[in-house]
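The values are calculated or read from the model by the stated rules, or taken from the named source; none is laboratory data. Just so you know, these numbers come straight off a predicted model, no measurement behind them. Methodologically, a virtual Cβ is constructed for each residue, glycine included, from the backbone with ideal geometry; neighbour enumeration extends over all protein chains shown.
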Amino acid sequence: MNASSAEKGLFISFEGVEGAGKTTNIEYIADKIAQGGHEIVLTREPGGTKLSEAIRELLISKEYPEMHIKTELLLMFAARSEHLNTVILPAINAGKWVLCDRFTDATYAYQGAGRGIPEDIIATLETLVQGSVKPDYTFLFDLDAEIGLGRAKNRGETDRFEQQHIDFFNKIRDKYLELAKSDEPRYRIVNAQYDLDTVQKQIDQLLTDILDL
Ligand code: T5A
């Protein structure tokens, strides 16, 4: 069962390597959806609640460069459990459209492909925390990892994840593309290498195609 099949709301997640343009374009998409008359909750992972934002700070802080990969994984799911149960599900149950900057696909990409944690372990935690809840749609902003990292670094200070070697981010991009291929009904790929206007023309087309906006 996906989130919308039993409820009136819709759950859309946004994924991609660092600097792919998720944050920039979620706001653009939120405006379009709001113009369509839908009530929106704009949120992010890790984060989205007071407690989950505190966990986010631990996760991205460069004070903990040697955080164990299992600790990182468990903190991601701890933040997600709080966020899902206190923000995402109540909003969907109230008929709202939830736009979430990253969700569990990021765990498969970063902690799975990036850190090397076996997928069955991630899947076990996913079931524990989410049951069968998944996003209805996932927009993947696909971009060469080096270009994305360059965009993110140009913006200013980097976080703990952005200290990783480029090989880490190449694995993440490949994993996202693999996930998109394995779940085509849910995924929509945006080619994020172009200038913002061109990227947003692709988004307009997708919103028309799948959401009738
Ligand atoms: N994480 C997260 C995990 O490891 N596991 C998990 O389960 C989850 C949920 C924080 C970190 O947590 C990790 C992944 C992350 O490392 P985050 O807050 O989403 O997650 O962090 P980032 O992906 O690093 O967010 P960024 O802000 O860096 O990337 P965005 O949101 O994709 O990019 P955005 O929109 O901020 O754009 C970056 C810059 O590029 C410009 C923008 O103006 C901005 O300056 N830009 C463009 N420039 C040229 N052309 C375009 N088309 C552009 N689009 C945007």
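Here is how the numbers come out for the structure above:
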read-out: Members of segment 117-135 found to be outside any helix (DSSP H, G or I) and either within 13 Å of the chain's Cα centre (by Cα) or within 13 Å of the ligand (Cβ to nearest atom) (or both), listed by number; value: I117, K134, P135
read-out: Subset of segment 136-151 (residues that are near the ligand (Cβ under 9 Å from one of its atoms), surrounded by 19 or more Cβ atoms within 10 Å (Cβ to Cβ) and of a type in the set (A, V, I, L, M, F, W, C)); value: F141, L143, L149
read-out: Residue list for segment 48-107, filter: surrounded by fewer than 18 Cβ atoms within 10 Å (Cβ to Cβ), away from the ligand (no atom under 14 Å from the Cβ), part of a helix (DSSP H, G or I) and not β-branched (V, I, T); value: K50, L51, A54, N85, P90, N93
read-out: K201 at pLDDT below 95 and either part of a loop (DSSP other than H, G, I, E, B) or exposed (fewer than 15 other Cβ atoms within 10 Å of the Cβ) (or both); value: no
read-out: In segment 186-201, the residues that are of a type outside the set (A, V, I, L, M, F, W, C) and farther than 22 Å from K175 by Cα; value: D195, D197, T198, Q200, K201
read-out: Residue in segment 126-141 that is in contact with a Gly (Cβ under 7 Å, 6 or more places away or on another chain) and touching a residue at least 40 places away in the same chain (Cβ under 8 Å) present; value: yes
